[in-house]
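Novice: Below are the structure tokens for one structure; questions will follow.
The values are calculated or read from the model by the stated rules, or taken from the named source; none is laboratory data. What you are looking at is a predicted structure, and each value in this text was computed from that prediction instead of being measured. Virtual Cβ from ideal backbone geometry, glycine too; neighbours counted across all protein chains shown. Calculation scope for accessible area: heavy atoms of the full protein, side chains included, ligands and nucleic acids excluded. Shrake-Rupley method; radii C 1.70, N 1.55, O 1.52, S 1.80 Å.
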Amino acid sequence: MNAPKARKTEKILTVHNDTRIDPYFWMNERENPEVIQYLEEENAYSDFVLKDTEDLQNELFEEMKARYKKDDESLPYFFNGYWYIVRYEEGREYPIFSRKFQTLENEEEILLDANILAGDEVFFETGSISVSVDNEVIAYSTDTVGRRIYTIFFKNIKTGKVYPDIIENTTGKAVWAGDNEHVFYIRKDASLRAFQIYRHKLGTDPENDILIYHEKDETFDVSLFKTKSLEYIFIASSSTNEDEMRFIPANNVFADWKLIQPRTEDLEYSVEHYQDDFYIITNADDATNFKIVKTKVETPSLEYWEDYIPHREDVLLEGFEIFRNYFVLEERQKGLLQINIIDNQNNNSYYLPFSDPTYTAYIGINMEFDTDILRFGYTSLTKPASTYEYNMKDKTTTLLKQQEVLGGKFFPENYISERIWAIARDGKEIAISLVYHKNTPKSADTPLLLYGYGSYGHTVDATFSSVRLSLLDRGFIYAIAHIRGGEYLGREWYEDGKMLIEPVKSENGKLEGVLSRKVPSHLTLETPRVKMNMQYDRHSPVKMFKLDYDGIHLEKHTDLLYEPGVQYKIIGNGKIKDDGSHYSIDIQGKPRKAFKLDADMMNFKLNVNKPEDSNKAQFSYTFNDYTETEEYEFDPHRAYYINWISSIRKYIQNFIVEDH
């Protein structure tokens, strides 16, 4: 059987002044019979190629499935007078949401049975469930397509009646106001970006819902939450490196939304509330690894923020939890997560002890302020996911629940985990977490599966997987490379992943510099014959790139306001030879407002100038006494070739200016 070949149809796409051609764009038509046929052909080809592995596939599938507990349930948590539980029943695919009043010994009350809701749907997923403050109505959401586009429904818990209010095209989350009549929810745009906040009154037509907030900047998403105190409702608007939050009292849905701090370049923050204060985790004042500040509810803006937990260069703050007598921090130090407990009564602090060489620990669900009990989670490459309760007063730990691994063949002591460090091309040490069976030798002949992901600041920590056991029991080593782009070694680890400088290999040459959003940046390359220098300051619109090669001097300036979140690449390529040469310099980033280039090459001078208020660029070049000027419509996405007379070809054949 031959591999299927998809039809190519040229589709020109232009976004942000960048044009590309996608010959397979037609394949995003989900209901197109030709698309479906092609996918079926790909599946058939895959089955053909893997035909001789069918027995192994079935063996692995049954082996992995047998380790899962089919009638499992979540650990109950207490909130607003009830214990809430999510459980599964053997032979049924979807969860059952229930609660018990005051104690776990009381009768179970079924809130929602997703097995009944799913019916004959090919795909079904429950988004979220939110209970009104008076405990009488639930808002729940479902997705029957698989695109995370949820429909919100409302149900009276006591009578089982489902209200006629049906809200479509949402993120699935509904936040109840304190009046038990209104909810806030989020709609998505055509690209599935969360962009609008609406207010709905129970029992009314959703067509009449009130638009509360519209995020018009396409680089921002919106989210919605209620504080732990239940006293305030927040709208958060966030991009990669900026946050903007506004709030109202939960008991007054008609109040004016008040800003915490207007969006500011590179300012990130998130808010929690306790008593008269907001506690804010932020990177303000160059707190790269974040700090926690405190301010009165009446004066929430930046000028009133006072440091509560100061910034530390070697510790990344990932989160926090507020209690009446304790303040708990989730930190990352040297790549490993730590839980730091601060006693508010005497300001003493200590860390919970963890013994594995590589692991994951995190603060769990803690809904109450007035308690000495901290719920936290822990897992490692050899230990299944576990939830503990820690008594911060008595300093005692109780295991509440641990993931069960069925089959009777898993014993943690049969597996070994460790953390090693590898040297990257630029000399940086990269942590790698390993796990393997104790009988597996570490050698060049041992099969190894390496996993790595570094983007958006998401950190891949070391966690347990029962599926992975099938690999380890067959003699594999499993490795996780904690690469840049995540925040394993702090916020700079993420920044380095975005602005990584690739080393340039050249004989007797050197590369120096840094590209960062946080500091003035420069890049210098020096070899026996070539010198390149690029520099910019994030507060200055002028970016400059210089190249010197023997008698050639070239400078490129761009009037380009620095855009956070945009990756800028400085690329030099090409060859310079005695019998002719070319060289290309490219500054890649957001389309610039103005462009200027000056070059002085032996007796040849070149000037390119495009004013900000014009679409035309002037090209002037001089050789000896000869000068010529031409004007072209300037397109920042095309290449301009300036070729000159053969009499100087022995010096330079052509010079290319590319501006992408």
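Novice: Skipping prolines and chain starts, which residues have an amide H placed within reach, meaning under 5 Å, of the one on LYS173, given they are 5 or more residues away or on another chain?
Specialist: Result for LYS173 returns ILE186.
Novice: Let me ask something additional. Name the aspartates and glutamates eligible as straight-distance cross-link partners of LYS616: C-alpha to C-alpha under 19 Å, and not fewer than 8 places from it in the same chain.
Specialist: The reachable aspartates and glutamates, counting only those whose Cα sits under 19 Å from LYS616, are ASP18, ASP559, ASP598, GLU628, GLU630, GLU631, GLU633, ASP635, GLU658, ASP659.
Novice: 5 Å is the cut-off here: which amide hydrogens, built 1.01 Å from N in the peptide plane, fall below it relative to GLN338, excluding neighbours closer than 5 in sequence?
Specialist: Those qualifying (amide H under 5 Å, at least 5 residues apart or on another chain) are GLU331, ARG332, GLN333.
Novice: Please report, as a whole percent, how much of the solvent-accessible surface of region 1-140 comes from carbon and sulfur atoms (probe radius 1.4 Å).
Specialist: 51 percent
Novice: Roughly how many Å² of THR171 are accessible to a 1.4 Å probe, to the nearest 10?
Specialist: 40 Å²
Novice: Suppose accessible area is computed on protein heavy atoms with a 1.4 Å probe; arrange GLU272, GLU42 from highest to lowest.
Specialist: Highest to lowest solvent-accessible surface, that is GLU42, GLU272.
Novice: From the phi angles alone, apply the Karplus equation (6.51, -1.76, 1.60; θ = phi - 60°) to region 86-97 and give each ³J(HN,Hα) in whole Hz, x where the residue is Gly or Pro.
Specialist: After applying 6.51 cos²θ - 1.76 cosθ + 1.60, I find 10, 9, 10, 10, 4, x, 10, 8, 10, x, 10, 9 Hz.
Novice: Another question, if that's okay. Would you kindly state how much longer the chain becomes between LEU449 and PHE48 on full extension, computed as 0.36 nm times their sequence separation minus their alpha carbon distance, in nm to one decimal?
Specialist: 141.9 nm
Novice: Let me ask something else. Could you tell me the relative contact order of region 254-311? Use alpha-carbon pairs under 8 Å, at least six residues apart, and round to a whole percent.
Specialist: That works out to 28 percent.
Novice: Follow-up. Which one of LEU317, ILE292, PHE327 has its Cα pushed farthest toward the positive end of the charge dipole of region 229-355, where Lys and Arg give +1 and Asp and Glu give -1 at the Cβ?
Specialist: Of the options given, the answer is PHE327.
Novice: Follow-up question, since we're still on this one. If each residue of separation counts as 0.36 nm, what is the full-extension length gain between LEU230 and ILE373 once their alpha-carbon separation is subtracted?
Specialist: This chain segment gains 49.5 nm when fully extended.
Novice: Would you list the P(r) distribution for region 218-353, with all Cα-Cα distances sorted into 5 Å bins from 0 and each bin expressed as a whole %?
Specialist: 2, 9, 18, 22, 21, 15, 9, 3, 1, 0
Novice: Can I ask one more? MET64 accessible area, nearest 10 Å², 1.4 Å probe?
Specialist: We get 50 Å² for MET64.
Novice: For region 324-406, what is the accessible area per residue in Å² when the probe is 1.4 Å?
Specialist: Per residue, region 324-406 has an accessible area of 47 Å².
Novice: Within region 464-497, name every residue whose backbone N is under 20 Å away from a label modeled 7 Å from Cα of GLU413 along the Cβ vector.
Specialist: The answer is 473, whose backbone nitrogens lie closer than 20 Å to the label point.
Novice: A 20 angstrom limit on the alpha carbon distance is what I want to check against. Which of LYS69/LYS100; LYS70/LYS401; LYS69/LYS409; LYS409/LYS442; LYS69/LYS383; LYS228/LYS294 exceed it?
Specialist: Flagged as over cut-off: LYS69/LYS100; LYS409/LYS442.
Novice: Another one. Taking the full set of protein chains and a 1.4 angstrom probe, give the accessible area of LYS383 in square angstrom, rounded to the nearest 10.
Specialist: 80 Å²
Novice: Given H placed 1.01 Å from N in the peptide plane, which residues other than close sequence neighbours of SER465 have an amide H under 5 Å from its amide H?
Specialist: none
Novice: If you roll a 1.4 angstrom probe over the protein chains with everything in place, what fraction of the accessible area of region 253-318 belongs to carbon and sulfur, to the nearest %?
Specialist: The value for region 253-318 is 46 percent carbon and sulfur by accessible area.
Novice: OK, next. Could you compute the FRET efficiency for ASN169 and MET64, with r as their C-beta to C-beta distance and R0 at 60 Å, rounded to 0.05?
Specialist: The value I calculate is 0.95.
Novice: Pairs LYS155/LYS226; LYS291/LYS393; LYS216/LYS296: which are spaced more than 23 Å apart, C-alpha to C-alpha?
Specialist: Over 23 Å apart, Cα to Cα: LYS291/LYS393; LYS216/LYS296.
Novice: How big is the charge dipole of region 246-322 about its Cα centre, in debye rounded to the nearest 20, if each Lys and Arg gets +1 on its Cβ and each Asp and Glu gets -1 on its Cβ?
Specialist: For this selection, approximately 340 debye.
Novice: Moving to a separate point now. Of PHE184, PHE124, PHE97, which is farthest along the charge dipole of region 79-185 in the positive direction, counting Lys and Arg as +1 and Asp and Glu as -1 at C-beta?
Specialist: Towards the positive end, the residue furthest out is PHE184.
Novice: Subtracting the Cα-Cα distance from 0.36 nm times the residue separation, let me have the gained length for ASN80 to ASP120 in nm, one decimal.
Specialist: Here the segment from ASN80 to ASP120 would lengthen by 10.9 nm.
Novice: Each residue of region 179-196 in turn: what ³J(HN,Hα) in whole Hz from Karplus with 6.51, -1.76, 1.60 and θ = phi - 60°, glycine and Pro shown as x?
Specialist: 8, 6, 10, 10, 10, 10, 8, 10, 9, 10, 8, 4, 8, 6, 7, 6, 9, 9
Novice: Tell me, what % of the accessible area of region 379-438 is carbon and sulfur with a 1.4 angstrom probe?
Specialist: Whole-percent figure for carbon plus sulfur exposure: 49.
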